[in-house]
Amino acid sequence: MPGRVNNNGDELYPGGSRGGSRLHNNSSNADVYCPPKKRARISSPFIIGDLEHEEDYKSSIEILPDECLFEIFRRVECGKERSLCASVSKRWLMLVSSICKDEIESVVETNSSGVSGEDFEGDGFLTRRLEGKKATDVRLAAIAVGTGCRGGLGNLSIRGSNSERGVTDHGISAIARGCPSLRSLSLWNVPSVGDKGLCEIAKGCHMLEKLDLCHSQITNKALNAIAEGCPDLTTLNIESCSMIGNEGLQAIAKSCPKLQSISIRDCPLVGDHGVASLLSLASNLTRVKLQHLNITDFSLAVIGHYGKAITNLVLSRLPNVNERGFWVMGVAQGLQNLVSLTITSCLGVTDASMEAIGKGCPNLKQMYLRRCCFVSDSGLVAFAKAAGSLENLQLEECNRVTQYGIIGALSNFKTKLKSLTLVKCVGVTDIDVEVSMFSPCESLQSITIQNCPGLGSASLAMIGKLCPQLQHVDLTGLNHITDAGLLPLLENCEAGLVNVNLKGCSNLTDNIVSALARLHGGTLKVLNLDGCCYVTDASLVAIADNCLLLDDLDVSKSAITDAGIAVLSDAKQLNLRVLSLSGCPYVSNKSVPFLMKLGQTLLGLNIKNSNAIGYNAIRFLVGKLWRCDILV
């Protein structure tokens with residue numbers, strides 16, 4: 001057979017070994033040159049006089065029309081043999097891929113063991129992912145033919161397509177005919193695939209459980225077909241599909257009773273009727289994500305009333321939803337099982353609605369609030385009083401929240417809250433307040449404060465007193481805090497710090513690192529000092545002497561030298577697994593022996609932009625530390 005099959009056995013390429021010249025010897029006196037072509041399936045004498053017509057010469061099987069070849073191929077019962085047939089040429093590949101499973105005729109008698117000659121299709125455990133130029137109809141046809149006899153295709157993901165020979169309805173139709181076991185289909189940025197391809201999927205892939213569409217030309221017609229043909233659908237993700245509207249969502253809600261997760265983003269034709277149908281009819285929905293839609297307060301009222309099974313809810317960029325919508329969603333008392341709530345860029349979230357949400361979601365454990373500019377201190381404190389089960393609170397760019405709101409919330413959470421995150425909250429600034437007026441939050445174990453320019457040393461000291469059980473501290477980007485401001489927080493952490501991230505805290509010095517190692521060396525496992533330019537070898541000496549459990553250390557862009565690396569390598573109790581020295585100008589080739597010694601336990605080493613380490617030294621390290629992942 002002149003074609004070939006790749007190692008996976010599912011991508012077939014036309015044209016095998018056809019290169020080189022061939023001589024046909026018809027007599028002892030004549031050697032005739034023939035251009036490369038497929039070997040003839042007939043044996044007849046070669047006539048010298050017909051050389052001028054050689055270009056028109058075809059084997060007998062190539063003369064057969066497609067209809068005859070189709071009938072032949074559908075009688076080839078063995079899947080491997082059909083794959084071999086498909087490898088002969090593109091024409092044969094497309095013909096074989098056009099055969100549905102139920103069109104294959106059984107022409108092999110049952111053998112003595114009672115096993116038919118047809119290959120076992122399988123339950124669809126194979127996964128294929130195509131991106132960019134690799135995404136073509138020919139490759140999809142090859143996948144459809146090749147996976148059928150190897151367990152069946154279960155997951156197919158296509159991201160983009162070839163600009164000249166991209167994926168079209170023909171390729172998707174080949175998958176629909178050849179892969180009835182398909183359970184997950186993802187189509188991103190495939191503009192040439194329309195309703196026809198998805199309708200074929202609905203006809204041939206009745207086991208489909210997950211459908212993911214992004215920047216697609218699919219319309220309601222295709223969703224109606226999916227709803228009718230794929231009743232086992234559990235997950236539907238639709239993003240930037242400008243032609244999908246309420247009708248398609250209503251069909252999904254009526255015909256897919258197993259639907260558990262729905263995500264709709266940037267679909268201008270989707271409105272209240274579509275969302276209301278989903279929430280009122282799909283009673284098993286547990287995950288709902290609605291982003292950048294033209295829905296109103298009515299949709300949120302429906303969520304609040306019918307969302308009894310919802311555990312995860314994401315609401316983002318809903319400009320037409322007002323305060324009343326969020327307030328009704330809370331007071332409707334339907335979100336009893338809600339565990340995680342994320343609200344982003346919604347102007348309707350106010351102090352009143354925050355309190356209603358806290359009261360209406362008694363089992364809420366995670367609350368993420370981003371860019372909600374009308375939430376102030378009073379709303380945050382009222383929410384903290386009502387949300388008695390909350391364990392994780394994240395505020396990002398909520399600029400009306402101040403230090404009073406944070407302290408008040410911490411005092412009211414008391415025994416449940418475990419993690420607090422503040423990101424880019426410019427309203428949180430240092431204030432002069434008596435901490436003894438507030439109850440401590442004994443349950444808080446993790447605090448993250450990133451890029452909050454107003455939060456300084458006084459605030460850190462206050463947090464340390466209010467949260468004595470902290471184990472994880474992340475102060476990324478607080479470049480104005482000093483040793484004196486951070487020390488009270490370290491001194492008040494009674495439980496012992498495990499993970500400390502001081503990345504970008506450029507004013508910290510060896511003094512605070514030494515204090516950290518002395519106070520928490522027995523529990524500290526992860527320490528990030530990236531960008532702490534005043535940290536020198538003295539800090540590494542303190543770490544080597546006191547940190548017994550440290551396994552991840554980042555001192556990138558600091559002032560450490562080869563001597564500091566030597567100290568780390570001599571610390572017998574230290575078993576570092578990850579070490580980052582990126583951008584350290586004083587670490588040179590002299591550190592190579594010490595890095596080799598540390599390499600006995602290292603799994604990751606970052607020496608990127610450490611220009612004093614030469615090329616030959618890097619090659620030596622890469623060759624010797626074969627267990628370690630080295631970033632250069």
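Among the residues of segment 145-157, is any over 23 Å from Ser83 (Cα atoms), surrounded by fewer than 22 Cβ atoms within 10 Å (Cβ to Cβ) and of a type outside the set (Lys, Arg)?
no
Of the numbered conditions (1) at pLDDT 95 or above; (2) crowded, with 23+ Cβ neighbours inside 10 Å, Asn499 satisfies every one except a single condition; which is it?
With respect to (1) at pLDDT 95 or above; (2) crowded, with 23+ Cβ neighbours inside 10 Å, Asn499 is out only on (2).
Across segment 289-315, which residue is farthest from Cys372 (Cα to Cα) among those that are open to solvent by 10 Å² or more (accessible area, probe 1.4 Å) and under 22 Å from the mean Cα position of the chain (by Cα)?
So the residue we want is Thr311.
Which members of segment 573-583 meet the condition of being open to solvent by 30 Å² or more (accessible area, probe 1.4 Å) and either closer than 26 Å to Thr482 by Cβ or modelled with pLDDT under 95 (or both)?
Result: Gln573, Asn575.
Here's a check for you: in segment 158-169, which residue that is of a type in the set (Gly, Ala, Ser) and open to solvent by less than 20 Å² (accessible area, probe 1.4 Å) is nearest to the chain's Cα centre (by Cα)?
My answer is Gly160.
Every residue in segment 538-572 that is of a type in the set (S, T, N, Q), closer than 23 Å to Gln600 by Cα and open to solvent by less than 10 Å² (accessible area, probe 1.4 Å), please.
Matches in segment 538-572: Ser539, Ser556.
Of all residues in segment 262-279 being touching a Ser or Thr at 6+ places or on another chain (Cβ under 7 Å) and surrounded by fewer than 17 Cβ atoms within 10 Å (Cβ to Cβ), which is farthest from Ser186 (Cα to Cα)?
Out of the qualifying residues, it is Pro268.
Looking at segment 518-544, I want the residues that are at positive phi and have a partner that is at pLDDT 95 or above and open to solvent by less than 10 Å² (accessible area, probe 1.4 Å) with Cβ atoms under 8 Å, at least 6 apart or on another chain. Which pairs are those?
Gly531/Ser556; Gly531/Ser558
From Ile543, Ile560, Ile565, which residue is part of a loop (DSSP other than H, G, I, E, B), more than 26 Å from Met462 (Cα to Cα) and β-branched (Val, Ile, Thr)?
Working: Ile543 fails: part of a loop (DSSP other than H, G, I, E, B); Ile565 fails: part of a loop (DSSP other than H, G, I, E, B).
Unique residue meeting the criteria: Ile560.
State which residue is surrounded by the most Cβ atoms within 10 Å (Cβ to Cβ) when the search covers only segment 316-333 and only residues that are among the aliphatic types (A, V, I, L, M) and out of contact with any Lys or Arg (no Cβ under 8 Å at 6 or more places or on another chain).
Met329
State whether the residues of segment 429-442 include one that is under 15 Å from Ile406 (Cβ atoms), touching a helix residue (DSSP H, G or I) at 6+ places or on another chain (Cβ under 7 Å), modelled with pLDDT of 85 or more and in a strand (DSSP E or B).
No - not one qualifying residue is present in segment 429-442.
When you check Leu621 against the structure, is it touching a residue at least 40 places away in the same chain (Cβ under 8 Å), farther than 21 Å from Leu549 by Cβ and within 36 Å of the chain's Cα centre (by Cα), yes or no? Reasoning before the result, please.
Working: touching a residue at least 40 places away in the same chain (Cβ under 8 Å): no; farther than 21 Å from Leu549 by Cβ: yes; within 36 Å of the chain's Cα centre (by Cα): yes.
Judged against the criteria, Leu621 is not a match.
With the requirement that a residue be open to solvent by 20 Å² or more (accessible area, probe 1.4 Å), out of contact with any strand residue (DSSP E or B) (no Cβ under 8 Å at 6 or more places or on another chain) and more than 13 Å from Ser376 (Cα to Cα), what does segment 389-424 give you?
The answer is Ser389, Asn412, Lys414, Thr415, Lys416.
Look at segment 518-537 and say how many of its residues are open to solvent by less than 50 Å² (accessible area, probe 1.4 Å), farther than 20 Å from Lys465 by Cα and not in a loop (DSSP other than H, G, I, E, B).
Residues meeting the conditions: 4.
Determine which member of the set Ser242, Ser277, Ser263 is touching a Pro at 6+ places or on another chain (Cβ under 7 Å) and of a type outside the set (Phe, Trp, Tyr).
Ser242
Kindly establish whether Leu605 is part of a helix (DSSP H, G or I), within 36 Å of the chain's Cα centre (by Cα) and not aromatic (Phe, Trp, Tyr).
Against the criterion (part of a helix (DSSP H, G or I), within 36 Å of the chain's Cα centre (by Cα) and not aromatic (Phe, Trp, Tyr)), Leu605 does not qualify.
The values are calculated or read from the model by the stated rules, or taken from the named source; none is laboratory data. Owing to the predicted nature of the structure, the values given are computational and were not obtained by experimental measurement. Positions of Cβ are backbone-derived with ideal geometry, glycine not excepted, and every protein chain shown enters the neighbour counts. Surface areas here come from the heavy atoms of the whole protein model, side chains and all, with no ligands, DNA or RNA. Shrake-Rupley method; radii C 1.70, N 1.55, O 1.52, S 1.80 Å.
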